[in-house]
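All remarks here apply to the structure that follows.
What follows draws every value from the coordinates through simple rules; no lab data is involved. Keep in mind that what you see is a predicted model, and the values were worked out from it rather than measured. Neighbour counts are summed over all protein chains in view; Cβ atoms, including those assigned to glycine, are modelled from backbone coordinates with ideal geometry.
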Amino acid sequence: MQYIINYFQYIMKYLPHNISGYPRRSPLAVANRIEKYIVGKHVCEIGSHKGAISLALSQYASKVTGIEIHKCLVYEASKIVDNAPGGLYENTSFEYCDITTDSIPAADIYYVWITPKLFNLLLRRLLDEKPDFKGKIIFAFTKMGVTNPVQYLKTMGAYNRFGGEVITFDINSPSFYVFNGQTYRDKMIKTYSMSKSPHSKYNLWIIDRDEYMKNKLTVNHPYENEWQHLCSTYKSLT
Ligand SMILES: C[S@@+](CC[C@H](N)C(=O)[O-])C[C@H]1O[C@@H](n2cnc3c(N)ncnc32)[C@H](O)[C@@H]1O
């Protein structure tokens, strides 16, 4: 049975999406869910791709900086800002940055959806190396078929060691396409990016400096080897 499902998913990957129909992944679902953390703040989206999430965050944040390793994506996202009518996204900008080696811009809040393998590295770079950063880091993570995100996150080491909050929600929900009647902003975002997410649930792991430091100092964790390895890899890169 699993074999048939896998095969079906494989075929579906190569069929064109009906990107004008529901359900589709909505960047606003993320923005709405984290509104309370980002309102009036400078948010840095790490790995901003074509900019959809950053643009959605820009309606709540005072400033958004999207950083991305692929220059062509930085260019595409910047083009949306430049072409938006009436300075719609004037608080948003995109820049090139490789988070493993370059200096990460200062911000009040970081939002990131990247491989969990980089979670520890990011904690180190944002919390250990930026003593002035007092805000939260919001890590998004997905895993097809996972019904218990906390359980899954625990298998990845960083959460188990450092604690924090986990929230789960559906990003394919059509209801998130309307925000206070402002469908236009989301329409702009939709035009440039999102197709239906294959992940049924989207998960966020939210951690702040206090939680991280407390547990870093007190919890002697079996993932210490992985942690040391990541730190030494990072050091050898810089
Ligand atoms: C899973 S995608 C998330 C895209 C977007 N944030 C979203 O939620 O739709 C991860 C993004 O991180 C970028 N990325 C991967 N490694 C990176 C690195 N070392 N530095 C900066 N960006 C990176 C990828 O190019 C990709 O755009």
Report summary line: In nm, the gap between the two label points placed 7 Å beyond Cα toward Cβ at ASN215 and GLU129 is 2.2 nm
Requested in this report: Among the listed pairs LYS36/LYS63; LYS36/LYS201; LYS36/LYS79; LYS63/LYS136; LYS134/LYS216, give every one whose C-alpha distance is greater than 23 Å.
Outcome: LYS36/LYS79
Query - Straight-distance crosslink candidates among aspartates and glutamates, where the alpha carbon sits under 18 Å from LYS41 and sequence neighbours closer than 8 are dropped - result: GLU90, ASP108, ASP132, ASP208
